[in-house]
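Notes follow the structure.
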Amino acid sequence: MRWLAIHLPALPLEVYARSLQVEIPMAVSQQDKGEKILLGNRRATALGVRPGMPVGSAQALAADLKTLPRKPRAEHAALTGLAAWCGRFTPELSLEPPYALVLEVAGSLQLFGGAEALLEQVANGVDGLGYRASCCLAPTPGGALVLAACGHRGVIADLHALRTALAKLPLSALGFGRQGLEDLRRMGLRGIGELLRLPRAGLAERFGVERVQHLLRLLGEVPDLRPRFEPPTRYRGRIELAVEVVRADALVFPCRRLLEELGGFLMGRQSGVQQLTWHLHHEEEGETRFILGTGRPERDPQLWLELLRERLMRLSLPAGVRALTLGARDLQPLFPADQELFPELEGRRAPDTRLLDRLRARLGDEAVRGLVLMADHRPERAWRWGAPGEVGVGRGRPDRPLWLLAEPLPLHVCNRRPWWDGELDLGVERERIETGWWDGHEVARDYFVATTTKGERLWIYRDLNGRRGWFLHGLFG
Amino acid sequence: MGLDQLLNARHDLCRGRAVSAATPAGLSTGFVALDALLPWRGWPPGALSEILTDRPGGGLALLKPALARLSAEARWLLFLDPPFIPFAPALAASGVELTRLLVVGGGEAAWAAEQGLRSGACSAVLIWGGRWGMATLRRLQLAAEAGGSAAFLFRGEDAANEHSPAVLRLRVRHALAGMEVMVLRLRGGRGGTWLELPLPNGGGGKSQFSSPASHKPTEGLLRQPV
């Protein structure tokens, strides 16, 4: 068994900071006999901000320091989101709140090119989601977690190497709490190395059975069973914005973080989705919600990002945005070579729908349409708008014009004959269309193919009901 | 200044008759006389063509035979900001497969045209709306090349005085017997020729073709340059 631990030392800060493309001096505070700084970022630290400092003092040091309240729920949500993303590497993983995850990766090593390569891909991926992590791969989950928490990055090949690596760490790394640490110090120990050299026999009596068991699990001498993280059946990701966003295009960057996370989740489940639901949470009450859709299941974050960009361009925000939520459900199986299965069906295949997705995202659903034939004699009902690719029922008419006017245009009449750039030549053929009494859209018209003095051919009719005038209804183009 | 630099710098210059044997075969226009005038023996493939007309909606009849054939491909026929409703019964009768037809409004013709062309998901993109300058037209031409898609831009006759990177520019007017087509500009060929073409099938009750979808090339009457 091989375990890969991901430790996120700055998670309370990063739940906010990962929404920003550019680092600003920032710190997270929490209530501890007054509002105190929990953690500051690099720029805050450079200005002299330190953990434990009252917020007021920190702000006196750095006037442009952004202090934000710690949000434990957001931290847990971030950890869960990261776990969902990790599904692309392995289905076996556990949450280790507050700041870590551990992945069982024995089965994934070969697929990802070995331990070092896998570790690198995980570390780069986590970095791309906006987290600073130390990742460590070791033969036991506890060992990997302890080493990662101490900032150890890299691969520990076997139990012997693990023991050596642990031996160099301070006693506090074991996580026994204040009392446990006190007990160990009272035994005269200074590091984990000294503890490991003690004879096992008396250890349980002096130190407690539970703690010794913990130690043995770390070293891989007894099995270490951890609750398995059940990957959710749908994705829900949230990102807190460190700075209120008022321009929709400034949302692209934080949205991309969520799309990357979703991409990993979908890859782990070999699935795609056709619909993303976005919620933009405003400072005051309320939220803006919109849906991004595609014609077929997709998971590529880059593709979703392009659609999102177009959608955000025509979005006007009623108020500033403080947080984003991305939801995706109804996962559909997706395999890499999905479309190439039957290349011989080329002619019958529907055209690529990705173009439709892009056009709809920017122009709106109603701007992207197909034409559908209808079995009706009335020209305005012999067709209708439909979804692109929708199959109609009617038949073609070679005697019809290429263009139809949405509204028939009344024609000027002179000497009882219709005019359009001069007197129209009505030709010899007349077609009477008289129908529709049964659905309340009755028409009674005589249609002619008229020719203008310049040779342009028009489709005109004389209304036999009501106004009895002449109308232009189509152009032969 | 070398010839290439000059050609790049001056949009009003173009290389004459450079394409000959290497000219890729185009898609037949469906009119023998027009095909004979064009070095591609048809519409230029993967390129921008301009069709100038004096009436909105004019010139579409000239494309009907080509559209019918293009709609057999598993790609879209994109109509961008058409001036009127493309009438489904007439298109279907010309052999156009309506399920390939995509009608897009929204008034962002330049953007949408580039998307359609570049995606490779369209066999042809027909564009009516939009304002066009040299830079946007050049983008269209590049996108058409990249996507292997034919771009047809319908413009008013006054655009004849504007520079354009289009490889083909035609002026289409109504004539008593059909259409009068004038080749205003042709990359690698001779401009200034004009011819009169009968209308393809449809219109006026009497069909020119025995079968609407036969795509039989229609003879045209070639005239000498004026």
Which aspartates and glutamates does A:LYS71 reach when only Cα atoms under 17 Å apart count, and residues fewer than 8 places away in its own chain are ignored? A:GLU14, A:ASP32, A:GLU35, A:GLU240, A:GLU244, A:GLU283
Roughly how many nanometres apart are two label points built 7 Å out from the Cα toward the Cβ at A:ILE24 and A:ALA106? 4.9
Hey, got the average number of other protein chain Cβ atoms within 10 angstrom for residues in A:422-429? 1
All aspartates and glutamates inside 13 Å of B:LYS64 as judged from Cα atoms, apart from same-chain residues fewer than 8 positions distant: B:GLU97
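Calculate how many DSSP beta bridges within the protein assembly as shown are antiparallel, expressed in % of all such bridges and rounded to the nearest 5.
Details: 95 of 126 bridges.
If I count the DSSP bridges inside the protein assembly as shown, around 75 percent turn out antiparallel.
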Chain A - convex hull of the alpha-carbon atoms, volume per residue in Å³: 233
Using the Cα centre of chain A as origin and beta-carbon charges of +1 (Lys, Arg) and -1 (Asp, Glu), tell me which of A:ALA27, A:LEU458, A:VAL413 is placed farthest towards the positive end of the dipole. A:ALA27
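What does the helix-only formula give at 222 nm for chain A: each DSSP H stretch with n ≥ 4 adding -39500 (n - 2.57), the total divided by the residues, and the result rounded to the nearest 500 deg cm²/dmol?
Values: 14 runs with 141 residues, N = 477.
For chain A, the value works out to -8500 deg cm²/dmol.
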Suppose R0 equals 45 Å. What FRET efficiency, 1/(1 + (r/R0)^6) with r the Cβ-Cβ distance, do A:GLU230 and A:VAL252 give to the nearest 0.05? 0.90
Relative to chain A, whose Cα atoms define the longest principal axis, helix A:115-128 and its Cα axis are tilted in degrees, nearest 10, by 60
Cα axis of helix A:72-86 to longest principal axis of chain A: angle in degrees, 0 to 90, nearest 10? 80
Work out the length of the dipole vector of the protein assembly as shown about its Cα centre, built from +1 on the beta-carbon of each Lys and Arg and -1 on the beta-carbon of each Asp and Glu, and round it to the nearest 20 debye. 700
Which value, in debye to the nearest 20, gives the size of the charge dipole of the stretch A:238-311 about its Cα centre, when Lys and Arg are +1 and Asp and Glu are -1 at the Cβ? 400
Across peptide B:67-78, what mean number of C-beta atoms from other chains lies inside 10 Å of a residue's C-beta? 3
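Return the average number of partner chain Cβ atoms within 10 angstrom of each residue Cβ along peptide A:446-452. Write down the numbers at each step before the final one.
Details: counts 0, 0, 0, 4, 0, 3, 2.
Partner-chain Cβ atoms within 10 Å, mean over residues of A:446-452: 1.
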Here the FRET efficiency for A:ARG467 versus B:THR136, based on Cβ atoms and R0 = 30 Å and rounded to 0.05, is 0.10
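Within 10 Å, count the other beta carbons around each residue, average over each peptide in A:410-420, A:41-51, and list them highest first.
Values: A:410-420: 13.4, A:41-51: 16.8.
So the order, starting with the most tightly packed, is A:41-51, A:410-420.
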Spin-label point model (7 Å from Cα, Cβ direction): what's the A:ARG50 to A:GLN270 distance in nm? 5.5
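Read-outs: derived from the displayed coordinates by stated rules, not from any lab. This structure is a prediction, so every number in the text was calculated from the model and none was measured. Note that each Cβ is placed from the backbone with ideal geometry, even for glycine, and that neighbours are counted across all protein chains shown.
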